Amino acid sequence: MLKIPAEKINDLFDRIAMQQTLYIPVDREDKAAEFKKYESGMTLSKALKTVRSAKDFFFPQTENLAEFKLSGKNIEVKDIRQENEDFVVFGVRACDAKSFEILDKVFLSDPVDTFYQNRREHGTIVTMACTRPEETCFCTTFGINPTVPGGDASVYFDGESYFFVPFTDKGKAFMASISDMLEEGDVSKLSEVQAKAREIMTRLPLANLTTDSFGGEKLMEHFNSEKWAELSEACIGCGTCTFVCPTCQCYDIRDFDTGNGIKRFRCWDSCMYSDFTKMAHGNPRTSQLERFRQRFMHKLVYFPANNNGEFGCVGCGRCLSKCPISMNIVKVMKALEDK
(Lines give C-alpha, C1' and ligand atoms only; values in the text may rest on other atoms or scores of the structure.)
Protein backbone atom coordinates (compact mmCIF):
# COMPACT_ATOMS: atom_id res chain seq x y z
CA MET A 1 0.00 0.00 0.00
CA LEU A 2 1.32 3.44 -0.99
CA LYS A 3 0.81 6.76 0.77
CA ILE A 4 1.56 10.46 0.65
CA PRO A 5 1.82 12.79 3.69
CA ALA A 6 -1.19 15.08 4.18
CA GLU A 7 0.93 18.21 3.72
CA LYS A 8 1.81 17.07 0.18
CA ILE A 9 -1.72 16.36 -1.05
CA ASN A 10 -1.88 19.59 -3.04
CA ASP A 11 1.38 18.72 -4.74
CA LEU A 12 -0.28 15.49 -5.76
CA PHE A 13 -3.36 17.32 -7.04
CA ASP A 14 -1.13 19.63 -9.08
CA ARG A 15 0.52 16.59 -10.68
CA ILE A 16 -2.80 14.92 -11.53
CA ALA A 17 -4.22 18.17 -12.95
CA MET A 18 -1.22 18.47 -15.26
CA GLN A 19 -2.11 15.09 -16.80
CA GLN A 20 -5.90 15.24 -16.95
CA THR A 21 -8.83 17.22 -15.61
CA LEU A 22 -9.27 16.74 -11.87
CA TYR A 23 -12.33 17.37 -9.71
CA ILE A 24 -12.24 17.45 -5.91
CA PRO A 25 -14.78 18.33 -3.19
CA VAL A 26 -14.23 21.87 -1.90
CA ASP A 27 -16.07 24.04 0.62
CA ARG A 28 -18.42 26.78 -0.58
CA GLU A 29 -18.96 30.07 1.21
CA ASP A 30 -21.89 28.52 3.10
CA LYS A 31 -19.46 25.76 4.21
CA ALA A 32 -21.31 23.08 2.26
CA ALA A 33 -19.13 21.03 -0.08
CA GLU A 34 -19.36 20.58 -3.83
CA PHE A 35 -17.18 19.09 -6.55
CA LYS A 36 -15.12 21.66 -8.42
CA LYS A 37 -12.55 21.51 -11.19
CA TYR A 38 -9.22 21.65 -9.39
CA GLU A 39 -7.09 24.75 -9.60
CA SER A 40 -3.74 25.03 -7.86
CA GLY A 41 -4.13 25.99 -4.22
CA MET A 42 -7.66 24.64 -3.74
CA THR A 43 -8.24 22.95 -0.38
CA LEU A 44 -9.80 19.51 -0.15
CA SER A 45 -13.04 19.70 1.84
CA LYS A 46 -13.26 17.81 5.12
CA ALA A 47 -17.04 17.47 4.77
CA LEU A 48 -18.34 13.92 4.62
CA LYS A 49 -20.58 14.49 1.59
CA THR A 50 -21.05 17.01 -1.17
CA VAL A 51 -24.46 18.68 -1.45
CA ARG A 52 -24.97 17.14 -4.87
CA SER A 53 -23.62 13.74 -5.70
CA ALA A 54 -20.91 12.79 -8.18
CA LYS A 55 -23.70 11.58 -10.49
CA ASP A 56 -23.44 14.96 -12.22
CA PHE A 57 -20.21 13.90 -13.95
CA PHE A 58 -21.93 11.11 -15.88
CA PHE A 59 -25.56 12.19 -15.98
CA PRO A 60 -25.50 16.02 -15.89
CA GLN A 61 -28.55 18.08 -14.99
CA THR A 62 -28.80 19.44 -18.53
CA GLU A 63 -27.08 18.47 -21.77
CA ASN A 64 -27.60 19.10 -25.48
CA LEU A 65 -28.38 16.01 -27.54
CA ALA A 66 -28.69 17.24 -31.12
CA GLU A 67 -29.29 20.26 -33.32
CA PHE A 68 -31.62 20.65 -36.30
CA LYS A 69 -31.33 23.15 -39.13
CA LEU A 70 -34.42 23.83 -41.20
CA SER A 71 -34.27 25.01 -44.81
CA GLY A 72 -37.63 24.85 -46.52
CA LYS A 73 -38.63 21.21 -46.43
CA ASN A 74 -35.09 20.06 -45.75
CA ILE A 75 -33.96 19.16 -42.24
CA GLU A 76 -30.28 18.84 -41.39
CA VAL A 77 -29.57 16.84 -38.24
CA LYS A 78 -26.31 17.73 -36.52
CA ASP A 79 -24.73 15.26 -34.11
CA ILE A 80 -23.08 17.50 -31.52
CA ARG A 81 -21.40 14.77 -29.50
CA GLN A 82 -17.72 15.23 -28.87
CA GLU A 83 -15.21 12.78 -27.46
CA ASN A 84 -14.81 13.49 -23.77
CA GLU A 85 -11.42 14.17 -22.27
CA ASP A 86 -10.12 11.88 -19.55
CA PHE A 87 -10.88 13.11 -16.06
CA VAL A 88 -10.49 12.07 -12.42
CA VAL A 89 -13.09 12.54 -9.70
CA PHE A 90 -11.30 12.44 -6.34
CA GLY A 91 -12.98 11.96 -2.97
CA VAL A 92 -16.15 10.08 -3.96
CA ARG A 93 -17.77 8.38 -0.98
CA ALA A 94 -18.90 4.74 -0.96
CA CYS A 95 -22.59 5.60 -1.31
CA ASP A 96 -22.00 7.65 -4.45
CA ALA A 97 -19.65 5.00 -5.86
CA LYS A 98 -22.41 2.41 -5.41
CA SER A 99 -24.88 4.71 -7.17
CA PHE A 100 -22.86 4.40 -10.39
CA GLU A 101 -23.59 0.67 -10.43
CA ILE A 102 -27.31 1.44 -10.22
CA LEU A 103 -27.12 4.07 -12.96
CA ASP A 104 -25.10 1.67 -15.14
CA LYS A 105 -28.00 -0.79 -15.04
CA VAL A 106 -30.24 1.90 -16.51
CA PHE A 107 -28.01 3.73 -18.99
CA LEU A 108 -25.73 0.89 -20.15
CA SER A 109 -28.50 -1.61 -20.81
CA ASP A 110 -29.81 -1.92 -24.37
CA PRO A 111 -30.33 0.53 -25.89
CA VAL A 112 -27.10 1.99 -24.47
CA ASP A 113 -27.09 5.71 -23.66
CA THR A 114 -23.91 6.70 -25.52
CA PHE A 115 -23.69 10.09 -23.79
CA TYR A 116 -23.50 8.41 -20.40
CA GLN A 117 -21.30 5.61 -21.72
CA ASN A 118 -18.75 8.05 -23.11
CA ARG A 119 -18.37 9.80 -19.76
CA ARG A 120 -18.10 6.55 -17.84
CA GLU A 121 -15.34 5.33 -20.14
CA HIS A 122 -13.30 8.51 -19.69
CA GLY A 123 -13.85 9.02 -15.97
CA THR A 124 -11.64 7.56 -13.22
CA ILE A 125 -13.31 7.33 -9.81
CA VAL A 126 -11.02 7.72 -6.81
CA THR A 127 -13.09 7.06 -3.71
CA MET A 128 -12.39 8.11 -0.14
CA ALA A 129 -13.20 5.89 2.82
CA CYS A 130 -15.43 7.38 5.50
CA THR A 131 -13.88 7.84 8.93
CA ARG A 132 -16.71 9.67 10.71
CA PRO A 133 -20.14 8.71 9.32
CA GLU A 134 -22.95 11.14 10.13
CA GLU A 135 -26.31 10.63 11.85
CA THR A 136 -28.14 10.75 8.50
CA CYS A 137 -26.03 7.92 7.03
CA PHE A 138 -27.57 4.49 6.49
CA CYS A 139 -25.59 3.03 3.59
CA THR A 140 -24.98 -0.20 5.53
CA THR A 141 -28.72 -0.90 5.24
CA PHE A 142 -28.06 -1.57 1.55
CA GLY A 143 -24.94 -3.65 2.08
CA ILE A 144 -22.44 -0.84 1.51
CA ASN A 145 -19.25 -0.73 3.56
CA PRO A 146 -18.09 2.91 3.78
CA THR A 147 -14.65 1.83 4.99
CA VAL A 148 -14.13 -0.09 1.73
CA PRO A 149 -15.62 2.32 -0.82
CA GLY A 150 -14.50 0.67 -4.05
CA GLY A 151 -14.25 2.69 -7.27
CA ASP A 152 -11.24 2.51 -9.57
CA ALA A 153 -8.96 3.32 -6.64
CA SER A 154 -9.57 4.14 -2.99
CA VAL A 155 -7.98 6.62 -0.61
CA TYR A 156 -7.80 6.18 3.15
CA PHE A 157 -6.88 9.02 5.52
CA ASP A 158 -5.51 8.31 8.99
CA GLY A 159 -5.08 11.95 10.02
CA GLU A 160 -1.47 12.12 8.87
CA SER A 161 -1.27 10.47 5.46
CA TYR A 162 -3.41 9.47 2.49
CA PHE A 163 -3.14 5.78 1.57
CA PHE A 164 -3.93 4.60 -1.98
CA VAL A 165 -5.22 1.22 -3.18
CA PRO A 166 -6.09 0.46 -6.86
CA PHE A 167 -8.90 -1.92 -7.86
CA THR A 168 -9.38 -1.66 -11.63
CA ASP A 169 -7.16 -1.19 -14.67
CA LYS A 170 -8.09 2.50 -14.60
CA GLY A 171 -7.09 2.66 -10.96
CA LYS A 172 -3.78 0.95 -11.65
CA ALA A 173 -3.05 3.37 -14.49
CA PHE A 174 -3.91 6.28 -12.20
CA MET A 175 -1.57 4.95 -9.50
CA ALA A 176 1.21 4.40 -12.03
CA SER A 177 0.95 8.04 -13.12
CA ILE A 178 1.65 9.30 -9.58
CA SER A 179 3.75 6.45 -8.19
CA ASP A 180 6.93 8.53 -7.98
CA MET A 181 5.21 10.84 -5.49
CA LEU A 182 4.10 7.99 -3.20
CA GLU A 183 5.95 5.93 -0.61
CA GLU A 184 5.33 2.65 1.17
CA GLY A 185 2.83 2.90 4.03
CA ASP A 186 2.07 0.92 7.18
CA VAL A 187 -1.31 -0.78 6.74
CA SER A 188 -1.69 -1.44 10.49
CA LYS A 189 -2.60 2.20 11.14
CA LEU A 190 -5.17 1.97 8.40
CA SER A 191 -6.85 -1.00 10.08
CA GLU A 192 -7.25 1.04 13.24
CA VAL A 193 -8.95 3.85 11.33
CA GLN A 194 -11.35 1.41 9.67
CA ALA A 195 -12.17 -0.25 13.00
CA LYS A 196 -13.03 3.11 14.58
CA ALA A 197 -15.30 4.01 11.67
CA ARG A 198 -17.11 0.66 11.87
CA GLU A 199 -17.61 1.18 15.61
CA ILE A 200 -19.18 4.59 14.94
CA MET A 201 -21.55 3.03 12.42
CA THR A 202 -22.93 0.64 15.01
CA ARG A 203 -23.98 3.63 17.14
CA LEU A 204 -25.68 5.66 14.41
CA PRO A 205 -29.45 6.29 14.80
CA LEU A 206 -30.24 4.28 11.66
CA ALA A 207 -27.81 1.44 12.28
CA ASN A 208 -30.62 -1.12 12.68
CA LEU A 209 -32.67 -0.07 9.66
CA THR A 210 -33.24 -3.05 7.35
CA THR A 211 -34.75 -3.81 3.95
CA ASP A 212 -36.33 -7.06 5.17
CA SER A 213 -39.85 -5.74 4.56
CA PHE A 214 -39.20 -4.67 0.97
CA GLY A 215 -38.52 -6.09 -2.46
CA GLY A 216 -40.46 -7.23 -5.50
CA GLU A 217 -42.52 -9.82 -3.66
CA LYS A 218 -44.06 -7.03 -1.53
CA LEU A 219 -45.46 -5.12 -4.51
CA MET A 220 -49.21 -5.30 -4.00
CA GLU A 221 -48.98 -5.27 -0.22
CA HIS A 222 -47.15 -1.94 -0.20
CA PHE A 223 -48.88 -0.46 -3.24
CA ASN A 224 -52.28 -0.85 -1.60
CA SER A 225 -51.19 0.30 1.86
CA GLU A 226 -53.48 2.83 3.50
CA LYS A 227 -50.42 4.54 4.99
CA TRP A 228 -49.57 6.40 1.77
CA ALA A 229 -52.30 8.96 2.42
CA GLU A 230 -50.80 10.05 5.73
CA LEU A 231 -47.19 9.80 4.53
CA SER A 232 -47.80 11.98 1.46
CA GLU A 233 -50.08 14.52 3.11
CA ALA A 234 -47.36 17.10 3.82
CA CYS A 235 -45.39 16.59 0.59
CA ILE A 236 -45.24 19.80 -1.46
CA GLY A 237 -43.90 18.11 -4.60
CA CYS A 238 -40.79 20.30 -4.74
CA GLY A 239 -38.57 17.52 -6.09
CA THR A 240 -35.65 18.37 -3.81
CA CYS A 241 -35.26 14.71 -2.84
CA THR A 242 -34.90 13.66 -6.47
CA PHE A 243 -32.40 16.38 -7.34
CA VAL A 244 -30.00 15.55 -4.51
CA CYS A 245 -30.43 11.79 -4.94
CA PRO A 246 -27.42 10.01 -6.49
CA THR A 247 -29.55 7.27 -8.04
CA CYS A 248 -32.53 9.13 -9.54
CA GLN A 249 -32.36 8.83 -13.31
CA CYS A 250 -35.58 10.38 -14.65
CA TYR A 251 -35.25 12.99 -17.38
CA ASP A 252 -37.24 14.94 -19.93
CA ILE A 253 -36.28 15.80 -23.52
CA ARG A 254 -37.28 19.16 -24.96
CA ASP A 255 -36.77 21.06 -28.21
CA PHE A 256 -35.81 24.74 -28.08
CA ASP A 257 -36.27 27.08 -31.04
CA THR A 258 -33.18 29.30 -31.20
CA GLY A 259 -34.58 31.34 -34.10
CA ASN A 260 -31.89 29.82 -36.27
CA GLY A 261 -32.71 26.16 -35.77
CA ILE A 262 -33.72 23.72 -33.06
CA LYS A 263 -31.69 22.49 -30.10
CA ARG A 264 -32.78 19.23 -28.51
CA PHE A 265 -31.69 18.91 -24.90
CA ARG A 266 -32.15 16.59 -21.95
CA CYS A 267 -32.76 17.76 -18.40
CA TRP A 268 -33.44 16.07 -15.09
CA ASP A 269 -37.07 15.54 -14.23
CA SER A 270 -38.85 14.29 -11.12
CA CYS A 271 -41.63 11.79 -10.56
CA MET A 272 -42.79 14.16 -7.82
CA TYR A 273 -43.91 16.77 -10.39
CA SER A 274 -47.49 17.00 -11.59
CA ASP A 275 -46.48 17.15 -15.26
CA PHE A 276 -44.05 14.24 -15.11
CA THR A 277 -44.76 11.75 -17.95
CA LYS A 278 -47.63 13.95 -19.09
CA MET A 279 -48.98 12.69 -22.39
CA ALA A 280 -51.66 13.79 -24.82
CA HIS A 281 -54.40 12.32 -22.67
CA GLY A 282 -52.97 13.76 -19.43
CA ASN A 283 -50.90 12.49 -16.52
CA PRO A 284 -51.26 8.87 -15.37
CA ARG A 285 -50.61 9.91 -11.75
CA THR A 286 -53.01 12.74 -10.98
CA SER A 287 -52.58 13.10 -7.20
CA GLN A 288 -49.62 13.89 -4.98
CA LEU A 289 -50.26 10.62 -3.15
CA GLU A 290 -49.72 8.66 -6.38
CA ARG A 291 -46.60 10.61 -7.25
CA PHE A 292 -45.19 10.25 -3.73
CA ARG A 293 -45.90 6.53 -3.74
CA GLN A 294 -44.24 6.13 -7.15
CA ARG A 295 -40.92 7.51 -5.93
CA PHE A 296 -40.59 5.23 -2.93
CA MET A 297 -42.10 2.16 -4.55
CA HIS A 298 -39.52 2.50 -7.31
CA LYS A 299 -36.61 2.62 -4.85
CA LEU A 300 -37.83 -0.14 -2.56
CA VAL A 301 -39.99 -2.45 -4.68
CA TYR A 302 -39.94 -1.91 -8.45
CA PHE A 303 -36.17 -1.56 -8.90
CA PRO A 304 -35.23 -4.63 -6.81
CA ALA A 305 -37.98 -6.60 -8.57
CA ASN A 306 -36.23 -6.00 -11.89
CA ASN A 307 -32.61 -6.05 -10.73
CA ASN A 308 -32.10 -9.25 -8.76
CA GLY A 309 -32.99 -7.72 -5.43
CA GLU A 310 -30.75 -4.65 -5.68
CA PHE A 311 -32.43 -1.59 -4.21
CA GLY A 312 -32.55 1.84 -5.82
CA CYS A 313 -31.24 3.65 -2.73
CA VAL A 314 -27.68 3.85 -1.38
CA GLY A 315 -28.41 5.37 2.03
CA CYS A 316 -26.45 8.58 1.48
CA GLY A 317 -28.88 10.53 3.68
CA ARG A 318 -29.10 13.60 1.45
CA CYS A 319 -32.89 13.48 1.33
CA LEU A 320 -32.99 13.32 5.12
CA SER A 321 -31.12 16.58 5.47
CA LYS A 322 -32.61 18.47 2.51
CA CYS A 323 -36.37 17.75 2.51
CA PRO A 324 -38.15 20.98 3.58
CA ILE A 325 -40.94 19.05 5.32
CA SER A 326 -38.66 16.37 6.83
CA MET A 327 -40.17 13.49 4.89
CA ASN A 328 -37.78 10.89 3.52
CA ILE A 329 -37.24 7.29 2.56
CA VAL A 330 -36.36 6.26 6.11
CA LYS A 331 -39.72 7.43 7.46
CA VAL A 332 -41.44 5.57 4.64
CA MET A 333 -39.51 2.38 5.36
CA LYS A 334 -40.30 2.54 9.06
CA ALA A 335 -43.99 3.19 8.39
CA LEU A 336 -44.31 0.30 5.94
CA GLU A 337 -42.06 -2.26 7.58
CA ASP A 338 -43.56 -5.50 8.87
CA LYS A 339 -44.31 -5.22 12.56
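Criterion first (over 29 Å from Gly312 (Cβ atoms), in contact with an Asp or Glu (Cβ under 8 Å, 6 or more places away or on another chain), basic (Lys, Arg) and outside the structural domain of Phe243 (by TED's automatic domain parsing)) does Lys189 satisfy it? When the stated conditions are applied, Lys189 passes them. Checked against the criterion of being of a type in the set (Asp, Glu), closer than 28 Å to Val106 by Cα and exposed (fewer than 15 other Cβ atoms within 10 Å of the Cβ), the stretch 167-174 contains one or more residues that satisfy it.
Where residues in the stretch 124-141 are closer than 13 Å to Glu199 by Cα and among the polar types (S, T, N, Q), which of them is farthest from the chain's Cα centre (by Cα)? Ranking the qualifying residues of the stretch 124-141, first place goes to Thr131.
Just to be sure before I move on: is Leu48 touching an Asp or Glu at 6+ places or on another chain (Cβ under 6 Å) and surrounded by 12 or more Cβ atoms within 10 Å (Cβ to Cβ) in the structure I sent? Here the answer is yes, as Leu48 does meet what is asked. Yes or no: Ser270 in a helix (DSSP H, G or I), under 21 Å from the mean Cα position of the chain (by Cα) and at pLDDT below 95? In short, no. Of everything in the stretch 249-275, what is hydrophobic (A, V, I, L, M, F, W, C), in contact (Cβ under 8 Å) with a residue 60 or more places away in the chain and within 25 Å of Ser287 (Cβ to Cβ)? Give them in sequence order. Matches in the stretch 249-275: Cys267, Trp268.
Quick check on the stretch 1-31: of everything there that is without any contact (Cβ under 8 Å) to a residue 24 or more places away in the chain and either surrounded by 14 or more Cβ atoms within 10 Å (Cβ to Cβ) or polar (S, T, N, Q) (or both), which residue is farthest from Val244 (Cα to Cα)?
So the first thing to find is which residues in the stretch 1-31 are without any contact (Cβ under 8 Å) to a residue 24 or more places away in the chain, and the list is 7, 17-18, 26-31.
Within this subset, residues satisfying the condition of being either surrounded by 14 or more Cβ atoms within 10 Å (Cβ to Cβ) or polar (S, T, N, Q) (or both) are 17, 26-27.
Working: Ala17: 27, Val26: 17, Asp27: 17 Å.
So the residue we want is Ala17.
All of (1) out of contact with any helix residue (DSSP H, G or I) (no Cβ under 7 Å at 6 or more places or on another chain); (2) under 23 Å from Cys137 (Cβ atoms); (3) among the β-branched types (Val, Ile, Thr); (4) surrounded by 12 or more Cβ atoms within 10 Å (Cβ to Cβ) hold for Thr147 with one exception: (1). Going by what's in this entry, would Thr62 be described as of a type in the set (Ser, Thr, Tyr) and farther than 30 Å from Gln82 by Cα? No; evaluated as a whole, the condition is false for this residue. On the stretch given as the stretch 103-128, residues that are at pLDDT below 95 and within 11 Å of Arg93 (Cα to Cα) total 0. Within the bounds of the stretch 177-195, is there any residue that is modelled with pLDDT under 90, among the β-branched types (Val, Ile, Thr) and not in a strand (DSSP E or B)? For the stretch 177-195, residues modelled with pLDDT under 90, among the β-branched types (Val, Ile, Thr) and not in a strand (DSSP E or B): present. Looking at Ser213, Ser191, just one residue is over 30 Å from Asp56 (Cβ atoms), in contact (Cβ under 8 Å) with a residue 60 or more places away in the chain and either surrounded by fewer than 18 Cβ atoms within 10 Å (Cβ to Cβ) or not small (Gly, Ala, Ser) (or both), and that residue is Ser213.
Would the stretch 109-118 turn up any residue that is farther than 24 Å from Gly315 by Cβ, among the aliphatic types (A, V, I, L, M) and touching a Leu at 6+ places or on another chain (Cβ under 9 Å)? No, the stretch 109-118 has no match at all. Listed by position, the helices (runs of 4 or more DSSP H) inside the stretch 277-339 whose residues that are of a type in the set (Phe, Trp, Tyr) and either farther than 24 Å from Met201 by Cα or without any contact (Cβ under 8 Å) to a residue 60 or more places away in the chain (or both) number at least 1 are 288-297, 303-306. On the stretch given as the stretch 232-248, residues that are under 10 Å from the mean Cα position of the chain (by Cα) and part of a loop (DSSP other than H, G, I, E, B) total 4.
In the stretch 196-208, the residues that are on the phi < 0 side of the Ramachandran plot form Cβ pairs under 7 Å with partners that are buried (at least 17 other Cβ atoms within 10 Å of the Cβ) and aliphatic (A, V, I, L, M), at six or more places apart or across chains, as follows: Leu206/Val330; Ala207/Met201. Here Leu65 clears all of (1) part of a loop (DSSP other than H, G, I, E, B); (2) over 24 Å from Ile178 (Cα atoms) except the condition numbered (1).
Taking the listed residues Gly315, Gly282, Gly309, the one that is surrounded by 19 or more Cβ atoms within 10 Å (Cβ to Cβ), small (Gly, Ala, Ser) and either in contact with a helix residue (DSSP H, G or I) (Cβ under 9 Å, 6 or more places away or on another chain) or more than 23 Å from Gly216 (Cα to Cα) (or both) is Gly315, with no other qualifying. Of the strands (runs of 3 or more DSSP E) lying entirely inside the stretch 1-40, the ones with 3 or more residues being among the aliphatic types (A, V, I, L, M) are found at 21-27.
The values are calculated or read from the model by the stated rules, or taken from the named source; none is laboratory data. All values reported here derive from a predicted model rather than from experimental measurement. Cβ sites come from the backbone with ideal geometry, for glycine too, and all protein chains shown count toward neighbours.
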